[in-house]
Amino acid sequence: MATLIIMHGPASSQQFALGEHRLVMTGRDNQCTFQIVDQQMSRRHMQIKRCGDAGGHAAIDFGSANRVFSSGQRITEETALRDGDEIRIGESNLIYTASDSPHAKTFNGLLRKRGEHINKMLMNNSNRG
């Protein structure tokens, strides 16, 4: 099952299974589907939308003051999420895991995958110079 896991921030290690939700609102507001108490987050900061029957998801900035970033890139429109994508909202970093992710079973696996993703990005950047 696709899951959002807070890796860093005020609500660190909190998890939210996206399950059958077609649309999830994330933010500080207690009416949000996935409330994160982070003072740098808007009351309604980001939406996660299920895309089709395949179980994929997309992130949408809900007009937040501090923006939404996926894998280091600012989201300006609906953006498809891939397994292991890091989402930054406010002071919180979340990891998106897809339902078929072999890493979704353990928290340590997610940390390892995150490290691999960061190492790949650093290697790609060093090869450009």
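The values are calculated or read from the model by the stated rules, or taken from the named source; none is laboratory data. Small disclaimer: the values here were computed from a predicted structure and weren't measured. Here Cβ is always computed from backbone atoms with ideal geometry, including for glycine, and neighbour counts include all displayed protein chains. The protein model used for the area step is the full one, side chains on, heavy atoms only, and it has no ligands, DNA or RNA in it. Shrake-Rupley method; radii C 1.70, N 1.55, O 1.52, S 1.80 Å.
Which order do the peptides 79-87, 29-37 take when ranked by the mean count of other beta-carbon atoms within 10 Å per residue, highest first?
On the way: 79-87: 18.2, 29-37: 15.6.
Most protected by this proxy first, the peptides run 79-87, 29-37.
What is the ratio of the Cα radius of gyration of region 9-60 to 2.2 N^0.38 Å, with N the residue count, to two decimals? Walk me through the numbers on the way to the answer.
Details: Rg = 11.4 Å, N = 52, 2.2 N^0.38 = 9.9 Å.
Ratio of Cα Rg to 2.2 N^0.38 Å: 1.16.
Once phi is turned into ³J(HN,Hα) by the Karplus curve 6.51 cos²θ - 1.76 cosθ + 1.60 with θ = phi - 60°, what whole-Hz value does each residue of region 57-66 show in order, with x for glycine and proline?
Residue by residue, region 57-66 yields 9, 10, 9, 9, 6, 8, x, 6, 5, 9 Hz.
Count charges around SER92 for me, please; just the other residues with Cβ under 12 Å from its Cβ, Lys/Arg as +1, Asp/Glu as -1. Walk me through the numbers before you get to the answer.
On the way: positive: ARG28, ARG88; negative: ASP38, GLU86, GLU91.
Its environment carries a net charge of -1.
Going by amide H atoms built from the backbone, whose H comes under 5 Å of the H on LEU81, apart from near neighbours?
Answer set, sorted by chain and number: HIS57, ALA58, ALA59.
Pull up all non-local amide H partners of MET7: gap of 5 or more, or a different chain, and H-to-H distance under 5 Å with H placed in the peptide plane.
SER13, ASN93, LEU94, ILE95
When only the heavy atoms of the protein chains count and the probe is 1.4 Å, how do GLU77, GLU91 rank by accessible area, highest first? Provide the component values of the computation, followed by the final result.
Values: GLU77 125, GLU91 105 Å².
Highest to lowest solvent-accessible surface, that is GLU77, GLU91.
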